[in-house]
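Below: one structure, written as C-alpha cells.
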Amino acid sequence: MDPLTAVPADLISALQSRLGPRGILTDPADTAPYCEDWRRLYRGRTPAVLRPATTEEVADAVRLCAVSGVAIVPQGGNTSMVGGAAVSEDGSQIVLSLSRLNRVREIDPIDMTMEIEAGVTLKAAQDAAADAGALLPLSISSEGSAQIGGVLATNAGGNNTVRYGNARDLVLGLEVVLPDGQVWHGLRRLHKDNTGYCLRQLFVGSEGTLGIITAAVLKLYPRPRETAVALCAVASPEAALDLFNRLQQHDAAAIQAYEYMSGLGVELVLRHIPGAALPLETAAAHYVLVELATSRKHADLRGAFEGVLAAAMEAGLVADAVIAESGTQRAALWRLREEHSEAQKLAGASVKNDVSVPVSKVPELIRRATEACERLVPGIRVVPFGHLGDGNIHVNLVQPDGMDGAAFLALDHTLMDAVNAVVRALDGSFSAEHGIGRLKPFMMPEWRGGAELDLMRGIKAALDPQGLMNPGKMLP
Ligand code: MLT
Ligand code: ZN
C-alpha cells in the first residue's frame, strides 16, 4: 500500500474540520516547502501540513493523530542543520508547523521575563525584548527564520553562549503538548523551584521527540549601554586563544561574543555574498570577531579594546584590527561572520561538523582536523569557524573546486569520522549546538552508548510509548 494512503482519510478530514481551511495544507504544491530541509539533504513528502493557531488546536491535532497512530514531525523555521524537522520519504508522517503560534504573550520588566509562543522567530523575540528595554541574549545566524520552539527543542547555542549559556539556560518555564494530546502547563517564571524532576529541561534539547513546545517563559537581561565590536587579523588559532585569554583577564564579564574565522571562510563570504567587504588592508589566514558589551556606565569599551589590542600587537598575536565606529559598521563586521553558512552553501556541496572541545584545545582541534581532512580529500576546502569562546567550532568542509558535489557528499561519513576521531582524542563532543536530528543518530551508540543511551530510550518510551513524535530523529 502507498504509505501516503496509509494516513487514514478520515483522520485528514477530522483534522480539516478541527483546524479549518487555514489550519491544514494538503496540496503538494503547498506542502513542498515543508518537505525539504535548509541544507537540502532530505526531501520527503507528507499528506498534510498542519498549521494550528492555538495551543488547544495543537493539542487536539496531536490527540487525533495519536488515536490513529500517525506520526508527527514538529516544524518551526525549518532551519535545522541536521535534518531535525525533516519528514520521511515514505509519506507516512504529518508535519505540524508552529508558525501561526506567533504571539509574544507578555513581557515583564520587573521579573525580566518574556512569555512567548513557539512560532515567534528568534529575531522577532529579540526585537520585542528590545522594544521593552531588555535583552534576549540568544543570537544565531538563522535567527531571522528560526522559531523559538525549534530553538528550544534544539537547545541552540550561538554567539552569546560564552556569556549567557545555551538556550536552556534562558528557560524558566514551558508549555508542552504531550504525545497523547495532554497539555503540560509549566509556564512558571521562578528562579528557584525544586519540586521534583526538572521537566522543562527534559523537553529543551529533545528535538521534538518527547512532545511539542508551544510556549516558553524566557529570562531577559538588561540591555547593554555600550557595545564595541572589533575584527582582528590574528597570527594563528593559538594567537586567537591567547587574545581571548587576555580579554578575559582584562574584563571577562564584558565578553559578549568571541568568534573565530579562517581566512578561507572570510574569502568565501567576500566572494559569494553581495556587499560583504573586508575592512582591513590585507587578508589574513585567521581572524577573530570580538564583541564587548556592558550595561555599566562609563565603561569605555573602546579604550579597553585599544589597550588589549595594542599589547597583543606588540606580542605578535594580532597583525591588524579594526574597531567599528558605528552601528552600521558593527553590522557589517558581523555580516562577515553571519554569512558563513550561506557563502558555503553557494560554494558547493559541504559536510558540516558541529563539534566542541575544551576551549584550551580549540587550536589543536583546528590544526589536527584540517590535516586529517586534507589527507583524505586533496583540494578539500576546510573552513573551521565559530564560537571559540565556548569551544564550539564548525569544522565545515567544502568540496574541492571542480569535484562532483554528489561524489564529495558520498564521503561524508569518512570525513565526519576523521574529524570525530580528533574530537574524541581532545575530550570533545560530536554534536555541540545543532543537535542530532536525522543526520547523526548513527553516532549515538559509539558516543553515548551503554547506560546513557538506555536512559534516553527509557525516557522516550515513558513519554511517547507509540513512538509518534518526530520518529527517526536523535535516537538510533
Ligand atoms: C553558525 O554558527 O553560523 C552555524 O551554527 C553554522 C554552520 O555550521 O553552518
Ligand atoms: Zn554556530
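Picking from residues in the stretch 333-348 that are under 14 Å from VAL382 (Cβ atoms) and more than 15 Å from ligand 2 (Cβ to nearest atom), the one that is surrounded by the most Cβ atoms within 10 Å (Cβ to Cβ) is ALA347. If you take the residues in the stretch 349-384 that are more than 13 Å from ALA432 (Cβ to Cβ) and within 10 Å of ligand 1 (Cβ to nearest atom), which one is surrounded by the fewest Cβ atoms within 10 Å (Cβ to Cβ)? If we take residues in the stretch 349-384 being more than 13 Å from ALA432 (Cβ to Cβ) and within 10 Å of ligand 1 (Cβ to nearest atom), then SER350 is surrounded by the fewest Cβ atoms within 10 Å (Cβ to Cβ). Before we move on, is SER145 crowded, with 18+ Cβ neighbours inside 10 Å, among the hydroxyl-bearing types (Ser, Thr, Tyr), modelled with pLDDT of 95 or more and part of a loop (DSSP other than H, G, I, E, B)? Answer is no for this residue. Only one of the listed residues (VAL234, VAL162) is touching a His at 6+ places or on another chain (Cβ under 6 Å), β-branched (Val, Ile, Thr) and either within 16 Å of ligand 1 (Cβ to nearest atom) or at pLDDT 95 or above (or both). That residue is VAL234.
Taken over the stretch 448-466, the criterion of being in a helix (DSSP H, G or I) and in contact (Cβ under 8 Å) with a residue 24 or more places away in the chain is satisfied by ILE459, LYS460, LEU463.
Taking ASP401 as the residue in question, decide whether it is farther than 20 Å from CYS232 by Cα, out of contact with any strand residue (DSSP E or B) (no Cβ under 9 Å at 6 or more places or on another chain) and of a type in the set (Asp, Glu). Taking the combined requirement at face value, the residue does not satisfy it.
For the stretch 179-186, check the following and say yes or no: at least one residue is outside any helix (DSSP H, G or I), touching a helix residue (DSSP H, G or I) at 6+ places or on another chain (Cβ under 6 Å), away from ligand 2 (no atom under 16 Å from the Cβ) and within 27 Å of GLN248 (Cα to Cα). No, every residue in the stretch 179-186 fails to be outside any helix (DSSP H, G or I), touching a helix residue (DSSP H, G or I) at 6+ places or on another chain (Cβ under 6 Å), away from ligand 2 (no atom under 16 Å from the Cβ) and within 27 Å of GLN248 (Cα to Cα).
Residues checked against (1) within 21 Å of TYR42 (Cα to Cα); (2) within 16 Å of ligand 1 (Cβ to nearest atom); (3) modelled with pLDDT of 95 or more:
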| position | (1), (2), (3) |
| --- | --- |
| ALA407 | yes, no, yes |
| GLY437 | yes, yes, yes |
| TRP447 | no, no, yes |
| GLU452 | no, no, yes |
| GLY458 | no, no, yes |
| ALA461 | no, no, yes |
| PRO465 | no, no, yes |
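The number of residues in the stretch 422-468 being within 16 Å of ligand 2 (Cβ to nearest atom) and either farther than 30 Å from GLU364 by Cβ or crowded, with 20+ Cβ neighbours inside 10 Å (or both) comes to 12.
ALA6 falls short on exactly one of the conditions (1) touching a strand residue (DSSP E or B) at 6+ places or on another chain (Cβ under 9 Å); (2) surrounded by fewer than 20 Cβ atoms within 10 Å (Cβ to Cβ); (3) in contact (Cβ under 8 Å) with a residue 60 or more places away in the chain, and that condition is (1). Among the residues of the stretch 301-315, write down those that are touching a residue at least 12 places away in the same chain (Cβ under 8 Å) and not aliphatic (A, V, I, L, M). Hits for the stretch 301-315 are ARG302, PHE305, GLU306, GLY307. Scanning the stretch 249-265 for residues that are touching a residue at least 12 places away in the same chain (Cβ under 8 Å) and more than 30 Å from ASP401 (Cβ to Cβ) returns HIS250, ASP251, ALA253, ALA254, ILE255, GLN256, ALA257, TYR258. Which ones in the stretch 277-302 are touching a Lys or Arg at 6+ places or on another chain (Cβ under 6 Å) and either over 22 Å from THR161 (Cβ atoms) or part of a strand (DSSP E or B) (or both)? Correct list: LEU289 only.
Picking from residues in the stretch 398-421 that are part of a helix (DSSP H, G or I) and polar (S, T, N, Q), the one that is nearest to ligand 2 (Cβ to nearest atom) is ASN420.
The values are calculated or read from the model by the stated rules, or taken from the named source; none is laboratory data. Remember, it's a predicted structure, so these values are computed and weren't measured experimentally. With ideal geometry, Cβ positions are generated from the backbone for all residues, glycine too; neighbour counts draw on all protein chains shown.
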